[in-house]
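The values are calculated or read from the model by the stated rules, or taken from the named source; none is laboratory data. Note that the structure is predicted; figures quoted are calculated from it, not measured. Heads up, the Cβs are rebuilt from the backbone with ideal geometry, glycines too, and the neighbour counts pull from every protein chain shown. To get the accessible areas, we keep the full protein, side chains included, count just its heavy atoms, and leave off ligands, DNA and RNA. Shrake-Rupley method; radii C 1.70, N 1.55, O 1.52, S 1.80 Å.
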Amino acid sequence: MGAAAIAGSHGVLGQAFRNAASAAPESYDLVAVRGGDAETMFEKGIEAFGGISTFVRKGQKVVVKPNVGWDVSPDRAGNTNPKLVARIIQHCLQAGAKEVYVFDHTCDNWQRCYRTSGIESAVKEAGGKMAPGNSESYYQSVAIPAGKTLKKAKEHELMLGADVVINVPVLKHHSSSRLTIGMKNLMGVVWDRGEWHGTDLHQCIADYATYRKPALNIVDASAVMKRNGPRGVSVEDVVQMKAMVLSRDIVAADAAATKLFGMDPADVRYIALAAEAGVGRNALESLSIKRIAL
């Protein structure tokens, strides 16, 4: 994908966003950042919300949920940027978080995923705790009262015990759901995801989103896998997009990231289904959005 195409994708996103320069930091529905490395974009984005202390209080237990599903190196963009994960953890601890946990129910071998992604070492160096998600014994059954297809799920015990959940998906192509973003990333906190694929994947993603709503969603689009997702084949699948989306609203975050990818949110069915269910808003033109160019 050439520079002109990348610029075009930013243009589409820019047209969808309305600048809200007069709004107070805490009033933004969404912050979109582009032009820097992952750590710098996060710093600028979270500053626009008034800092991580807007979401994390002293003594709280925090779960940071990146994508760590694949045994691939960071340059392949199959997982969330490890430097971004580390920086989020550092901010949470500086805000007084008692503990910060990171885990994923991986697709490849969990130990190799944690190691090869660079996330395990990044988490430990930042002062966080890496937890396994590879055994059904870690998961407890929860009801999904508003679910249409998904009526229950087995959710990781760390999610159930968390005071704050920060969802940190990587934006990328997906062969089944079209895109992996925030709502799709939450499949990594449940055990019985095979059921989702075997019934109606998009409806199940939307159903689970009615139950689990992270306090903050940070979409890593610093490097984006444009094809052959979710695992990718080589670095040739990856575009250095240098972008990030932050929002309390997981539907808005996914809709904005879809625009950034170069697609229409209407083409990703689970986004529309979640909006219809009242999870969040997918009409970007109605949102208060702060845009930051570095």
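Worth a mention:
- Were the residues from LYS61 through VAL233 laid out at 0.36 nm apart, the gain over their Cα-Cα distance would be 58.3 nm.
- For region 57-117, the percent of C-alpha pairs falling in each 10 Å distance bin, counted from 0 to the bin holding the largest distance, reads 24, 46, 25, 5.
- In this structure the chain gives 39 Å² per residue of accessible area when probed at 1.4 Å with all protein chains present.
- Ranked from largest, the principal axis spans of the Cα set of region 56-166 equal 38, 35, 23 Å.
- The phi torsions of region 181-190, fed into the Karplus equation with coefficients 6.51, -1.76 and 1.60 and a -60° offset, translate into couplings of 9, x, 5, 5, 4, 6, 5, x, 10, 10 Hz, rounded to whole numbers, with Gly and Pro shown as x.
- FRET efficiency, 1/(1 + (r/R0)^6) with R0 35 Å, evaluated for ALA143 and ALA266 via beta carbons: 0.70
- Annotation: the antiparallel percentage among DSSP beta bridges lying fully within the chain is about 50.
- Chain lengthening between SER176 and ALA215 when straightened (0.36 nm per residue, less Cα-Cα): 11.4 nm
- Apportionment of accessible area to carbon and sulfur, the chain, percent (1.4 Å): 46
- Linear extension gain, LYS124 paired with LEU294, 0.36 nm per residue minus alpha-carbon span: 58.3 nm
- Per-residue ellipticity at 222 nm, computed for the chain from helices alone with -39500 (n - 2.57) per DSSP H run of at least four residues, works out to -9500 deg cm²/dmol.
- Couplings for region 83-89, taken from phi via the Karplus curve 6.51 cos²θ - 1.76 cosθ + 1.60 with θ = phi - 60°, read 5, 5, 4, 4, 5, 4, 4 Hz in order; Gly and Pro are left as x.
- Working value for region 215-294: equivalent-ellipsoid semi-axes of 23, 16, 10 Å, each the square root of 5 times a Cα gyration tensor eigenvalue, largest first.
- Across q = 0.16, 0.17 Å⁻¹, the chain modelled as identical point scatterers on its alpha-carbon atoms has Debye log10 I(q)/I(0) values of -1.34, -1.55, in the order of the q list.
- Largest-first principal axis extents, alpha carbons of region 197-252, Å: 36, 30, 12
- Count Lys and Arg as plus one, Asp and Glu as minus one, and take only other residues whose Cβ is under 12 Å from that of LYS154; the net charge is then -3.
- The largest accessible area among ARG115, ARG248 belongs to the first residue in ARG115, ARG248, and the rest follow in falling order (1.4 Å probe, all chains).
- Here the relative contact order of region 166-236, from alpha carbon pairs under 8 Å that lie six or more residues apart, stands at 51 percent.
- Shown in residue order for region 241-251 are the 3J(HN,Hα) couplings computed by the Karplus curve 6.51 cos²θ - 1.76 cosθ + 1.60 at θ = phi - 60°: 8, 6, 9, 7, 10, 10, 6, 5, 8, 5, 5 Hz (x for Gly and Pro).
- Cross-link table LYS61/LYS226; LYS124/LYS152; LYS151/LYS242; LYS172/LYS290; LYS58/LYS148, entries beyond 29 Å C-alpha to C-alpha: LYS61/LYS226; LYS124/LYS152; LYS151/LYS242; LYS58/LYS148
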